[in-house]
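Only one structure is covered here, and it is reproduced in the block below.
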Amino acid sequence: EEMGGAPRVEMRFMTSEAEEEMEAGPSSDITALVLRRHRGYRRAGALLCVCGVVIFTIGTFTQTHTHTHTDTHLVLVLTRSVCGLSRVSRASHPPGSVEGTSLASEILRRFTQLHMDHTWTESLFATLQFPDRSVRSSLWLLDSAGLISEKIPLNPSDFCPYSATGSTTGGVVYANYGRPEDFNWLRSVGVSLIGSVVVMRVGGGVSFAEKVWLAERNGAGGALIYPDPADLPQDPRRLGLNTHTAVSEHVHLGSGDPFTPGFPSFNHTQFPPIQSSGLPLIPALPISATVAAKLLSQLSGVSCPPSWRGRLPYVRCVVGPEFSSGRRVKMSVHNVMTPVLLNNIFSSLEGRVEPDQYIILGAQRDSLGPGAVKSGVGTAILMELARTFSTMVKNGFSPRRSLLFVSWDAGEFGNVGATEWLEGYLSMLHLKAVAYFSLDQAIMGNCLSVCLSLCLCFLFQVEHPKHAGQTIYSQAEREGGSWRIMKPLYLNSGAYSFTAFAGVPAMELRFTEVTRAYPFINTPLDSASRLQEVLGGRLGVTGRSLGELVGEMVLRLAHDHILPLRITSYAQTVLQLSAQLNKHSAELQSRGLSPQWVFSARGDYSRAAETLQRAIDYSDLHDPTTARFYNTRIMKVEYYFLSQYVSMVETPFRHVIHGRGNHTLSALNEHLALLTSDPARFDETRFRRQLALFTWTLQGAANALNGDVWSIHNTH
């Protein structure tokens, strides 16, 4: 609405009788308060992120105009709770920068103004990598004599954090998405990657770090990663990238500071002289579709499978490594490692019954670009969640457990701030952290998607934000199965380290698109206005739905006498392994390998979990001592699945279901599949070790769930 030439935005909140009753005065009846959450707390859910997401819809106004209308509720709320966050989507704010430091100070100030029980900052030094300002990374075409025939222009700000530095020269091999199956196919048709520069597409369910790691393992000398128009729209007139835009992402196969693996980077720490095994040994660069087309259009060699064909113009799908006229490619990466002071910012509301049990909500604050999706939306929603729950407490809401709100630093470099905090407090958190909610990249579309620890699946017995009267779980089953929206945690998720490293149940909720990816993530084009356009003007509506969903889940965890964590979920997962082992039972036994050990451990875990669940069901849960006893045991279940038989430093993601490494269920399944696909590569010694690592972790979890040592009977 235009008023005197200045734009004015107004928002009104609908208030029901139940809400007015709640606001009339504090209530000491916690039970009634919880029962009213579908009515009175519906307002709380609606308030959770409306103001945060509306920031972006009026961001361009607040940057250029001064509002004089002090009577509008939106302006008052915006000024009080998240003033200044509109600039998150206006300029880049990497860790250690002036903009990043200023934003951190603003968030600390906003947390302080909420007058929660505790607000503080934790600082640490971490080693980050940035482009060298004195020498730019480069890409050249060399002629058959090895002389430079053409320099290919690159954007100096495009880089892959934690790439190896230096130069490499070789032919070019196209490897599709750079997935394991893609490299296996190249090997099967006799295409050697030794010394070549591998060109891979963004996406395919594989992070940049995994692409580069697999390329290195297959002998490549360098890696180039580009956005293909088949995966990310590339027409600026239709909300796509322009063909000269590259997508940047870190390439450390891990999380946290790679130079202090397993140790916190707090200022007083004396670092051992080691570095993460996940750091790549080959250089990697992001390139645009234009540069990729220039390289791939000159390849010859074996034709690609049909599924590898992208939509680059003038490119016929061949894999190389031969290049036209005997040409080769030379790439040179010049990045520098820099120690940077990071700041994680915390604010908490203490629980009134079990204050030492924490429900943690967090969001990445930094961004190498404008970062409307990457950091802006999550930060805004985090602040509104904090403000709303703080207001509820002042109105008489009394959470049973503590709520902890965190703004993380250096998320762009592999969730460095969050992982270093976990490393510093691991011994405490596995006893006290109930669950973690990541708000990173929360809004990129209109379809709900969730990555989570299996223990948290029971939380989805809440009303679907877009289907009244249906729970999220039932609606997903109705639409073809809960697996369509509920996915496993993945390496680059803001929630991953909490579960895979620390053994804390975690989830990352997101509204995204199934058929059309948000194209601007990890680019300089990730702005508020583009996000609003992609969503068709529904940013506020989508944000409100996400806020209601997160709010209701947090309320359950904060109020229920017994934590709603499904301790039997992992028994079902192991059942799938049992089926695979049964399938190969004859062949395993012919090799002297018996799957009975796993079957026994799974049975023990399943019985222990069901016995504990029955005991809970028939107990007086209103008795504080009883509730405390069972909650303590429930909270440890996720931690039990961290393998005690591998090194935290060498194998940080020790979780046997969600982790990475030879000890995991996925590694065991992949190795088992070789009995069918490639029996010659099946290694009996390795398989025995994998089976032992997984089985004893599962058996240990079963023993721990059983309780006292006299409740465990190991007889034959």
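The values are calculated or read from the model by the stated rules, or taken from the named source; none is laboratory data. Computed from a predicted model, the values in this text were never measured in an experiment. Backbone-built Cβ (ideal geometry, glycine too); neighbour counts: all protein chains shown. The area values use the complete protein model at the heavy-atom level, side chains included, leaving out ligands, DNA and RNA. Shrake-Rupley method; radii C 1.70, N 1.55, O 1.52, S 1.80 Å.
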If the reach is capped at under 16 angstrom between alpha carbons, list the lysines near residue 432, excluding any in the same chain fewer than eight residues apart. 636
Go through 341, 147, 459 and list them by solvent-accessible area, largest first, probe radius 1.4 Å. 147, 341, 459
Amide H of residue 152 versus every other amide H placed in the peptide plane: which residues, excluding those fewer than 5 positions away on the same chain, fall under 5 Å? 139, 140, 141
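Which peptide among 535-541, 572-578 comes first, and what is the full order, when sorted by highest mean count of other Cβ atoms within 10 Å?
The densest-packed peptide leads the list: 535-541, 572-578.
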Cβ crowding within 10 Å averaged over residues, with 513-524, 687-698, 230-241 ranked highest first: 687-698, 513-524, 230-241
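Please report, in cubic angstrom per residue, the volume enclosed by the convex hull of the alpha-carbon atoms of region 136-333. Please list the in-between numbers first.
On the way: hull volume 27.3 nm³, N = 198.
Hull volume over Cα atoms, normalised by residue count, gives 138 Å³.
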With every protein chain in place, region 608-664: carbon and sulfur % of accessible area (1.4 Å): 52
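Give the percent of DSSP beta bridges with both residues in region 136-333 that are antiparallel, rounded to the nearest 5.
65
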Mean Cβ count within 10 Å, highest first, over the residues of peptides 100-113, 243-256, 633-646: 243-256, 633-646, 100-113
Rounded to a whole %, the carbon-and-sulfur portion of the accessible area of region 136-333 at a 1.4 Å probe is 51
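If you roll a 1.4 Å probe over the heavy atoms of the protein chains, what accessible area per residue do you get for region 557-638, in Å²?
Values: 3900 Å² over 82 residues.
On a per-residue basis, 48 Å².
Please calculate how many Å² of accessible area region 136-333 carries per residue, with a 1.4 Å probe and no DNA, RNA or ligand atoms counted.
With all protein chains present, region 136-333 gives 41 Å² per residue.
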Region 567-706: Rg to Rh, with Rh as the Kirkwood radius over Cα pairs: 1.05
What is the extension gain from residue 144 to residue 615, computed as 0.36 nm multiplied by their sequence separation minus the C-alpha to C-alpha distance, in nm to one decimal? 162.0 nm
Eigenvalues of the Cα gyration tensor times 5, then square-rooted: what semi-axes does that give for region 190-265, in whole angstrom, largest first? 27, 20, 9
Work out the P(r) tail for region 471-624: percent of alpha carbon pairs separated by more than 20 Å, whole number. 70
How many Å³ per residue does the convex hull of the Cα positions in region 320-461 occupy? 215
Please compute, for the alpha-carbon atoms of region 103-176, the extent along each of the three principal axes and give them in descending order in Å. 69, 29, 21
